[in-house]
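Have a look at the structure below before the remarks.
The values are calculated or read from the model by the stated rules, or taken from the named source; none is laboratory data. Quick caveat, the model's predicted, so the values are computed rather than measured. All Cβ positions, even for glycine, are placed from backbone atoms using ideal geometry, and neighbour counts span all protein chains on display. Side chains included, ligands, DNA and RNA excluded: accessible areas come from the protein's heavy atoms. Shrake-Rupley method; radii C 1.70, N 1.55, O 1.52, S 1.80 Å.
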Amino acid sequence: MKSRRFVVDAALLHELGERLIGRPAIALGELVKNSFDADAATCRIEFGKDEIVISDDGTGMAEDDFLRYWMRVGTTHKVDQAVSKKHSRPLTGSKGIGRLSAQFLADEIELETTSANEQRRSVYAKVDWRKAVRGQDLRTVNVRWEVRSNVVAYPGGSKSGTRITLKNLKSEWGVDDIRLLGDEVWMLRSPFRRFRRDTGTGSAQDFDIEIEASEITGGREAFDEKFRVVFSNWKARIRGTLEDGRAKGRASISVEFRKGYPEGSEEAVRFREIVRLPIQQDDSRKSGDRDESLDETDLPVKAKSPSRLKSLVDNAAFEVLVFKAEGRQPGGISVSDLRRYLEKFGNVSVYDAGFRLPYYGSGRGDAAGQDWLLIAADQGRRLNASELLPQHLRTQNKYMQDLPAPGRIFGAVDIDTNHERAVAQKAKARPGEWLQIQPGRDRLHDNQAFDQLRDLVRLSLDFYANRYRVLALKMAEKRRAKEPVSRKYDRAIEVLESHKPEMRAPVFVEIRRELRDARKAAVAEEETGDQRTALLAPLASAGMAALALNHEISRETGFLRGISTRLRRIAAKHNVRELQEIADEFDEANRRLDSLRELFAPLLSDIDKSATDRLRVRAVVDQVVGAMHALMPGVNFDRAGIPMDLRFPIGSLAEWNALLQNVLSNAWNALLDSNKAQVSFSGGRDRRGREWLHVSDSGQGLDVPLSDADKLFEPFERRITISDDKRSIAIGGQGLGLAIVRMIAHRRSATVGFVPPEGGFSTTFEIAWRGAKQ
């Protein structure tokens, strides 16, 4: 059997570039990721006329690496390697498509690279992708390369790195393309300041991308746009300033909360405190944080008092941003990306005259460096109250549970150890009584000055947690004001259950029983309230219709008066007696309509709708009877039994009108099939100060036992039987009248119900209330 190898067409390069990359920004982003994978601290991108230059200060490639990896498209060595060689960064480049990215972007590529292990030699290569024509084997594409001894210019004057020049670009780059490039690589960029390479203090995560695009207006700003969005999305900002601390000993700290944080806050809020250094004199809290790897002879001896009573730090400034990596983030940033970024770069770092000390807030690696502020340690021991805040802020609401974790904050502390040494020596301070950098220049000596700096920064975070809890409780109280009473009892029961071990069993059982009974009563009241709320829609519709009807009646009465006047004029002119009688009938109809308008009068007057006084019962009854008289023809009203000094509870005329109108409407319907039509009012006051008004009628009476009469006050409950020939003159009939009566009475702390009928009557309705003290 014969065999033969597959031959890959050179045109596959173009196809792979189109399908795997798709856009120029993604292609250029792959080249930037290659610089990150090469442990570079800086990747510089220069946009020129028809060319792009990408250079970095990474580890570069020796001749063997160039031949083994760069000359092979689709190599899997990054998958196998997983992390970078020098800084152990997680490798980001994918599928070995750096060469495809270059081919996708330009027709020509020039490569210059110098290995960190062979800095005297560099590899130079050049590819003209236009010669990779369709129909030829990929392996026949010519790559010209050689080893040179010349020095290549890499960022920061580095002696190792890689420089790629793309010429004869295949697409024109604009501000939108650069913005997309920034979106593609923002997570690689370290937020920390760039350091001089000769300090040797850079962190493994320090990676910056420099853009030079002078011919593209707004290019630099567009590239930084998403990066800026990330750090403008803080929810709270903590700031602190210490100036002339050795002389004054006072520092200022502030916490600013944005609108909507905590959830529900309606405006931005800022708090400020002045604190005095040293914040505490007890060093026991920090004893577990000493770096055991250091030789104790290298550490300045911690001075004894009286240094503990004065500030050993002169100048310091810090800012800490608090993020909330939940919910929708602005700028199209995913929550998962933000969390990963803060996990990588979060915490609070220390800068000495602009140089970051990577030991503090390193994000990865040394655990002590991650937790130099003891945040995780205090969260682990479930601290409830701060050990640093002044006494007036030490509330009992477990506010320290809101202390932000290192993965939710990003901050910087600025100091200058040279300034601290100069000021301390001028003040004749003893050795070690100032902020002092260690010989390795990666950390500060663990002395009392450092303790004071740490306490100041940590106090600001405790202050944030304290104020956050206060604001959150205020928002919770606002929400609780709107929640059902039964929910409040549920919460009270939960709190009681949580304190069960601290209470005597009989006391616990009794309190829990009372709370549960109160909750049952609250649930019953809420159900009643829901029924009342269900009445609001039809009542509102009826009210609007009533106001419209009042307006229409007013128009109609004016029209009737005009007709009556004309009829009288014609009757007088022509001496027609019948027309005079018709005019009289029009006037009588007009008077009846005016009486009906009185039903709505209390709804139209702002004075009548205000509840500022106790109204006289007799005056209100007189007004209601006068208004209802037209709707209840033939009924005899007796109001003599109402004491002239009897007053309703505080309430508006509109309320008492509505209540009595509904009572009289019910009485009218009960009187329709009765031979005697009489309504009597009586009132009084008993020895206990209870006052009451009775409304009795001679109608058909209740069709339920008096003990079950409360059912009649339920919405849509109709029990009165009306003969067919009288239904057209009945009032209401929807079963809402007594429900409305109870709703109004309840609002004014009055009770309503049916009582044994007074003598000579079939039904007596009572409204009762607690009278004023005599």
- Taking the range 139-161 on its own, how many of its residues are closer than 11 Å to A125 by Cβ, modelled with pLDDT of 85 or more and of a type outside the set (F, W, Y)? 4
- Message: What are the pairs with Cβ atoms under 9 angstrom where one residue, in the range 219-236, is over 27 Å from I52 (Cβ atoms) and without any contact (Cβ under 8 Å) to a residue 40 or more places away in the chain and the other, located anywhere, is open to solvent by 40 Å² or more (accessible area, probe 1.4 Å) and hydroxyl-bearing (S, T, Y)? Sequence gap at least six, or different chains.
- Response: none
- Note on the structure: Of the candidates V695, V663, the one satisfying the condition of being aliphatic (A, V, I, L, M), part of a strand (DSSP E or B) and either open to solvent by less than 30 Å² (accessible area, probe 1.4 Å) or out of contact with any strand residue (DSSP E or B) (no Cβ under 6 Å at 6 or more places or on another chain) (or both) is V695
- Message: Can you tell me which residue is nearest to T217 (Cα to Cα) among those in the range 50-81 that are at pLDDT 90 or above and in a loop (DSSP other than H, G, I, E, B)?
- Response: D50
- Scanning the range 698-717 for residues that are surrounded by 13 or more Cβ atoms within 10 Å (Cβ to Cβ) and within 49 Å of the chain's Cα centre (by Cα), which turns out modelled with the lowest pLDDT? E717
- Task: Determine which single condition Q734 fails, assuming it passes every other condition in (1) at pLDDT 85 or above; (2) under 55 Å from the mean Cα position of the chain (by Cα); (3) among the polar types (S, T, N, Q).
- Result: (1)
- Query: Hey, does the range 499-514 have a residue that's in contact with a Phe, Trp or Tyr (Cβ under 6 Å, 6 or more places away or on another chain), modelled with pLDDT of 85 or more and not small (G, A, S)?
  - Reply: yes
- Task: Please go through the range 220-279 and pick out each residue that is polar (S, T, N, Q) and either open to solvent by less than 50 Å² (accessible area, probe 1.4 Å) or touching a Pro at 6+ places or on another chain (Cβ under 6 Å) (or both).
- Result: N233, S252, S254, S265
- Restricting attention to the range 308-330, and to residues there that are outside any loop (DSSP other than H, G, I, E, B) and surrounded by 15 or more Cβ atoms within 10 Å (Cβ to Cβ), which single residue is farthest from the chain's Cα centre (by Cα)? R308
- Output the residues belonging to the range 610-637 that are surrounded by 13 or more Cβ atoms within 10 Å (Cβ to Cβ) and assigned to a strand (DSSP E or B). R616, F637
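Can you tell which of V523, V509 is open to solvent by less than 80 Å² (accessible area, probe 1.4 Å), touching a helix residue (DSSP H, G or I) at 6+ places or on another chain (Cβ under 8 Å), aliphatic (A, V, I, L, M) and more than 24 Å from N397 (Cα to Cα)?
Every option except V523 fails the conditions.
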- Task: Could you check how many residues of the range 36-71 are closer than 17 Å to L105 by Cα and either open to solvent by less than 10 Å² (accessible area, probe 1.4 Å) or of a type in the set (V, I, T) (or both)?
- Result: 5
- Task: Considering each residue of the range 571-583, count those that are loosely packed, with under 13 Cβ neighbours inside 10 Å and of a type outside the set (D, E), and give that number.
- Result: 5
- Message: Considering only the range 166-186, I want to know if a residue exists there that is of a type in the set (F, W, Y), within 44 Å of the chain's Cα centre (by Cα) and at negative phi.
- Response: yes
